[in-house]
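First the structure, then my questions, so here it is.
The values are calculated or read from the model by the stated rules, or taken from the named source; none is laboratory data. Because the structure is a prediction, the values reported are computed rather than measured. Cβ: placed from backbone, ideal geometry, glycine included. Neighbour counts: every protein chain shown. These accessible areas exclude ligands, DNA and RNA; they are computed on the full protein's heavy atoms, side chains included. Shrake-Rupley method; radii C 1.70, N 1.55, O 1.52, S 1.80 Å.
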Amino acid sequence: MENSFLVSHLVTWIVLAPAIGLVIVGLLRHVETIRWATLGITLIALGLMVGLWANFDNAASGMQFVDRVPLPLVSFQFAVGVDGISLPLVFLATFIIPLCVLVSWRIDNTKAFMMLILLVELAVTGVFTALDAFLFLIFWEIAMIPMYFVIAFWGGPKRIHAAIKFLLFSVAGSLLLGLGIEALHHVGGTFDLLALSQMEYAPKVQFWIFLALFLGFAIKVPMLPVHGWIADAHGEAPAVGHVILSGLLLKMGAYGLIRFCLFILPEASASFAPLIQWLSVLAILYGGIVAMAQSAIKRFIAYSSVAHMGFITLGIFGMNQQSIQGAVFQMVSHGMTLGTLFLAAGMLYDRTHNPIIRAYGGLQQVMPKFAAILTIFVMASIGLPGTGSFVGEFMILVGTSSHSYLLVLLALIGIVVGAVYMLWMFQRMVLGPVTPYVSTLPDLTRREMVAVIPMAVVVLAIGLY
């Protein structure tokens, strides 16, 4: 692509596409038109992302495609750009959202739901590209709103309880994040993230700002012991809600840890790193053990997600090139893998409204397409070589080995535990005799296959590449 106005402002267009789409969908009335318009807008954003990736200079360091627009009457600016860390996460967001539209094609209150999906895309792409701390906080807050309504209006029987719990934890994290960002602005005199990362801060100042920012991001990840909201949120969310939550919103917290804690407060990050790494390994083991005790499929996958996110935070606070690259790699792979596992669980729940694992059995005979897709993502979840998760986990472990072989050993035990509980779940649900409960279930529709096959292709392509 030749240098043009569109190419030089690609990041801005990616962020603005869902915002423009919100206005368009808001003016439409016919349900079928709303569905196709939403799908078209999200595919345009994905096309822009492909153009961004094609024009991204892998040899260059620092931010690319930077746009800065001063805003009148306020002390912050619209500033966006991407680097090697944010680029794959923007791809993850623009890739997942069109698939969410396909999965929710027949959902009730279509217009409201599609507008919430576009709002999620706006917020998440904004978070991953913002170069102004206050703008980052605005997008961060916006992302909380659609997820609350998705759980509260389209969730399961205990959806109100789960939505309020999600909201309370999110607000607590946002308050801490706001305090940390305001403290950075007070000390540094600017909200510019690139300028803030070039400044030096007194150790005591770093300590308190880091603590506020870290806790705010840790709630979103979520890390132990502030993970209490995730099982309820996943247990009650609809199928698409799982994909958005696991695939995108959790990655916002991990991305914030890199962009704010590591890049702006490196000394405080190094001081806290040993403690955070031990908490991460504890999360890997705890998530796996608690997952094995779950009888409901969604809560089972939710606790496995806690374990997988433990790998990501372990890599982030390895604070070397291999571990951080592995963490970013794992963010993308986890978003695809766990997002699709949640999607599969949601598809089953939509057919039966029964969340209990033991109610299902012999699915390979009744739903062979579903069983094939589930096989791929169970293997990806346990880090089978040839899948994206293997690459991410391997790089994280190599980076962690420079700090402690004991941490690596415990993380490896966590991988074994993960293989045990995932394969145990797979055996109970897919293999064996067909239970009467599932004997008449329909297999995946063509639309559902179109939604999940691209995920499988990307997970395998990343791992093989």
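So what's region 129-203 giving for Rg/Rh, alpha carbon basis, Kirkwood Rh from the mean inverse pair distance?
My calculation of the ratio gives 1.15.
Can you compute 3J(HN,Hα) from phi for each residue in region 167-184, using the Karplus curve 6.51 cos²θ - 1.76 cosθ + 1.60 with θ = phi - 60°, rounded to whole Hz and x for Gly and Pro?
5, 5, 5, 5, 5, 4, x, 5, 4, 5, 5, x, 4, x, 5, 5, 5, 4
If you don't mind, there's one more thing I want to ask. When only Cα pairs under 8 Å and 6 or more residues apart are kept, what is the percent relative contact order across region 91-200?
Relative contact order of region 91-200: 22 percent.
Next question. Sequence gap at least 6, Cα distance under 8 Å: using those rules, report the relative contact order of region 317-465 to the nearest whole percent.
40 percent
Dividing the Cα radius of gyration by the Kirkwood radius, what Rg/Rh value follows for region 3-128?
With Rg and the Kirkwood Rh in hand, the quotient comes to 1.01.
Something else: Can you compute the helix-only [θ] at 222 nm over the chain? Use -39500 (n - 2.57) per DSSP H run of at least 4 residues, normalise by all residues, nearest 500 deg cm²/dmol.
After summing the helix terms and dividing by residue count, I get -24000 deg cm²/dmol.
Please compute the net charge surrounding residue 92, taking Lys and Arg as +1 and Asp and Glu as -1 over other residues with Cβ under 12 Å from its Cβ.
Here the count lands on 0.
State the dimensionless ratio Rg/Rh of region 228-356 (Rg: radius of gyration of Cα atoms; Rh: Kirkwood radius).
1.02
Go through 234-241, 393-400 and give me the packing order, highest mean Cβ count within 10 Å leading.
Answer by packing, highest mean first, reads 234-241, 393-400.
Of the listed peptides 48-58, 141-151, what is their order by residue-averaged count of other C-beta atoms within 10 Å, with the highest listed first?
Ranked by mean Cβ neighbours within 10 Å, highest first: 141-151, 48-58.
Taking amide H positions as placed 1.01 Å from N in the peptide plane, with prolines and chain starts having none, which residues 5 or more places from residue 79, or on another chain, fall under 5 Å of its amide H?
69, 131, 132
Let me check I've understood the local charge: for residue 441, count other residues with C-beta under 14 angstrom from its C-beta, Lys and Arg +1, Asp and Glu -1. What total comes out?
Once positives and negatives cancel, what remains is -1.
Could you grab the relative contact order for the chain? Cα pairs under 8 Å, six or more apart, rounded to a whole percent.
Relative contact order comes out at 13 percent.
Test of understanding: extend the Cα→C-beta vector of residue 6 to 7 Å, then name every residue of region 83-104 with backbone N under 16 Å from that spot.
Flagged as within label range: none.
Further question: Need the C-alpha centroid separation for region 1-58 versus region 236-301, integer Å.
29 Å
Taking a threshold of 18 Å on the Cα-Cα distance, which of the pairs 111/251; 165/220; 158/298 fall above it?
111/251
Which net charge results for the neighbourhood of residue 78, defined as the other residues with beta-carbon distances under 13 angstrom from its beta-carbon, given Lys and Arg at +1 and Asp and Glu at -1?
Net charge around residue 78: -2.
Under a 1.4 angstrom probe, counting protein chains only, how are 8, 104 ranked by accessible area, largest first?
Result of the area sort, largest leading: 8, 104.
Okay, next question. Through the Karplus equation 6.51 cos²θ - 1.76 cosθ + 1.60, θ set to phi - 60°, convert the phi angles of region 457-463 into ³J(HN,Hα) values in whole Hz; use x for Gly and Pro.
For region 457-463, the Karplus-derived couplings read 4, 5, 4, 6, 5, 4, x Hz, x marking Gly and Pro.
On a full-extension model of 0.36 nm per residue, what is the gain between residue 372 and residue 350, subtracting their alpha-carbon distance, rounded to one decimal in nm?
Residue separation times 0.36 nm, minus the Cα-Cα distance, leaves 6.0 nm.
HN-Hα J couplings of region 375-388 from phi, Karplus 6.51/-1.76/1.60, θ = phi - 60°, integer Hz, Gly and Pro as x?
4, 4, 7, 5, 5, 5, 5, 8, x, 5, x, x, 10, x
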